[in-house]
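One structure is given here, and the rest of the page talks about it.
The values are calculated or read from the model by the stated rules, or taken from the named source; none is laboratory data. Quantities reported herein were computed from a predicted structural model and do not represent experimental measurements. We place every Cβ from the backbone using ideal geometry, glycine too, and count neighbours over all the protein chains shown. Note: accessible area is taken over every heavy atom of the protein model, side chains too, but ligands, DNA and RNA are not part of it. Shrake-Rupley method; radii C 1.70, N 1.55, O 1.52, S 1.80 Å.
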Amino acid sequence: GQKDAAPVVRDILNQTQVMAGTEYLNCRMDVGDWENRVWSMLFRREFWLRSRLAFDEEVFLYEDVLLINLALLYADRGCSVPVYGYWYRYRTDSLVQGGVKERDIWECLKVLQRFRALWTEMDEIQRKALGRVLFEHISMTLYYIGTVRPKEKKDYYSQIRQGDMMAILRGSITCKKEWMKYLIFRYGTGAYYWLVRKRERKIR
């Protein structure tokens, strides 16, 4: 059924700001804004034609996370406005309301590897911003692993740490919070869910 709409406030949207896409992405990370739904932003058609970005047909969940963040990484200019010009309707039978399943983990890992593959094609400014996106995406992936509690947790953890992922994250650290996340991702991924749950209990 439809729930009553509630106003949403994010610090990044408190004033109109024009900036480069990577700068906007960094501002989002600074205030903890992890909004990646495609309908939360408007893009010029010319931008899609020029950048040749599109939904990845092999990614079935969290394709928004991949596309929106890539769009911001490649956008020369963007503008944030202090208005949410949409109504969000919740449907209990929708795909996103069905609870976290193991397929969510697989799709998160798929998106993670797509980001990792594009790393070498980006300049230093883009890489720094992408690293911050990776911190958020890995956090979400680990939360899902802890929620689903699959039998092969270690396999999932090893996929997160494979290749040069930890080196990419270490080179992207911008604050103490990300430094702590990096240490957990590298040495104690299994503890991440416990830490998140402990924080949630304090909030309640």
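Observations
- Net charge of neighbours whose Cβ lies under 13 Å from the Cβ of ASP56, counting Lys and Arg as +1 and Asp and Glu as -1: -2
- Cα centroid separation, the range 14-63 to the range 157-184 (Å): 23
- Extension gain, MET19 to ARG149: 0.36 nm times the residue separation minus the Cα-Cα distance gives 42.7 nm.
- Taking 7 Å steps out from each Cα toward its Cβ at MET122 and TRP87 produces label points 3.7 nm apart.
- Rounded accessible area of SER158 (nearest 10 Å², 1.4 Å probe): 60
- Ordering of 167-176, 101-110 by packing [mean C-beta count within 10 Å, highest first]: 101-110, 167-176
- Net charge of the neighbourhood of VAL38, taken over other residues with C-beta under 10 Å away and scored Lys/Arg +1, Asp/Glu -1, is -1.
- Solvent-accessible area of GLU35 with every protein chain in place, 1.4 Å probe, in Å² to the nearest 10: 20
- Volume per residue of the convex hull around the Cα atoms, evaluated for the range 17-72, comes out as 91 Å³.
- Shape category assigned to the range 106-149 from the gyration tensor of Cα positions, a/c cut at 1.5: oblate
- Set LYS151/LYS181; LYS128/LYS154; LYS101/LYS177 screened for pairs whose C-alpha atoms are more than 26 Å apart: LYS128/LYS154; LYS101/LYS177
- Along principal axes, Cα extents of the range 124-185, largest first, whole Å: 38, 22, 18
- Whole-percent carbon and sulfur share, accessible surface of the range 114-185, 1.4 Å: 53
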